[in-house]
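Structure first, then comments.
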Amino acid sequence: MTAGGPGPGQDAADLPDAEIRRILRQRAAALARQPGQGGLVREVDLIAFRLGDQRFAIAADTVLQAARLGTVTWLPGLPAFYRGVVYQGGEVFPVLDVRPLLGMAVAGPAEATTIALLVEAEGRALALAADRLDGLVRLAAADIAPPAGSDDGPTLIDGLTEQGLVVLDIRHLIQDARLVVNGQPTPRTRTSGGSSG
Amino acid sequence: MAALVVFGIEERLFGVPAEDVERVLPVVDVMPLPESPPVVAGIVDYGGVIVPAIDLRPRFGLPPRPLRLDHRMLVVATRRRLLLLLADRVEGVTEVAPQAFDDMADLIDGAALFNAAGTSQHGLVYVYDIEALLSVDEEVALDAALDRAGVP
């Protein structure tokens, strides 16, 4: 009932198997020749920042806000990854230095840190300490090489770029068991009055 | 609302987020990839890029079946690679309210089958998160098979 060539709507049952295979191969050859698939490379938007001389980046869509870090209050019982907590926009965020979490040495005085990236993922929020913001970068996902050993399960980083940018996997990082404070699964503390530590 | 591209394999319906779907194309010949996981039907030269073609049939215990000219393939971009999803047909794009999703993880042993199920105007849809479409083991096996085949 379909006139003309082997259009997509044509009932394949009308054609012998060999003919179907020939057409499929023909289509495959045409698809292989089709230029410009490079345009389909997935790009990711990242916010890049520095801590000491290490550059990090996180998915831009997880960043709520970049803020000048106000007074950081140390709370007893916080794991060493935390600098303390900050009060920002009506909420208390724990301030995380990602380096010890990744097994990196923390060089230089912690007081140099002046910026907090407020991030949210998986229903949790925290502040990442940063010395400097490098702004928004757009990378092809393929340029982010997965870390060695990533076959063993989720790691805290998505990968590295040739330029030495460490792309953090904020969704895994924010759920890392080591971040748990006082048995609370969520680092975020809402200021609901009367229950401050 | 989440926009899903809904496609069918026999009487079953599947959905992937519309934002992850680059294109829908008529199916082409799939070259076998030796020693790849069962879910990988083979590879396709996609404008110079070798892309694995994923056939969900074995996941659901459906026997292999030759491709037909009216079958489709969805080009989806995961963070790691492009994938082609083989489909008997594409129903279209449908909006599914988040409330329509039931998290199946607790209900079904081996939740890797799919990530959620939702009801749409087409009926019950198995919804895949394309980043989790392949298990870690399958990704590793696929990488190894591509390596052996000399695919960069």
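Against the test of being modelled with pLDDT of 85 or more, under 21 Å from B:Val24 (Cβ atoms) and in contact with a Gly (Cβ under 9 Å, 6 or more places away or on another chain), the options B:Arg68, B:Arg89 yield a single qualifying residue, B:Arg89.
Can you confirm whether A:Arg138 is surrounded by fewer than 17 Cβ atoms within 10 Å (Cβ to Cβ) and in contact (Cβ under 8 Å) with a residue 24 or more places away in the chain? Against the criterion (surrounded by fewer than 17 Cβ atoms within 10 Å (Cβ to Cβ) and in contact (Cβ under 8 Å) with a residue 24 or more places away in the chain), A:Arg138 qualifies.
Within the stretch A:171-192, does at least one residue satisfy the condition of being within 14 Å of chain B (Cβ to nearest Cβ), at pLDDT 80 or above and surrounded by 14 or more Cβ atoms within 10 Å (Cβ to Cβ)? Yes. Entry remark, the stretch B:69-81: residues being more than 21 Å from B:Ala132 (Cα to Cα) and surrounded by 18 or more Cβ atoms within 10 Å (Cβ to Cβ) number 3 in total. Here B:Ala111 passes the criteria (1) closer than 13 Å to B:Ile9 by Cα; (2) modelled with pLDDT under 90; (3) not hydroxyl-bearing (Ser, Thr, Tyr) except the one numbered (1). Where strands (runs of 3 or more DSSP E) sit wholly within the stretch B:1-68, none has at least 3 residues that are charged (D, E, K, R) and either surrounded by 13 or more Cβ atoms within 10 Å (Cβ to Cβ) or in contact (Cβ under 8 Å) with a residue 60 or more places away in the chain (or both).
Of the residues screened, B:Asp45 is not one that is within 13 Å of chain A (Cβ to nearest Cβ), of a type in the set (D, E, K, R) and in contact with a Gly (Cβ under 9 Å, 6 or more places away or on another chain).
The values are calculated or read from the model by the stated rules, or taken from the named source; none is laboratory data. For clarity, every value in this text was computed on a predicted model and none was experimentally measured. Ideal geometry is used to build each Cβ from the backbone, glycine not excepted, and the neighbour counts take in all protein chains shown.
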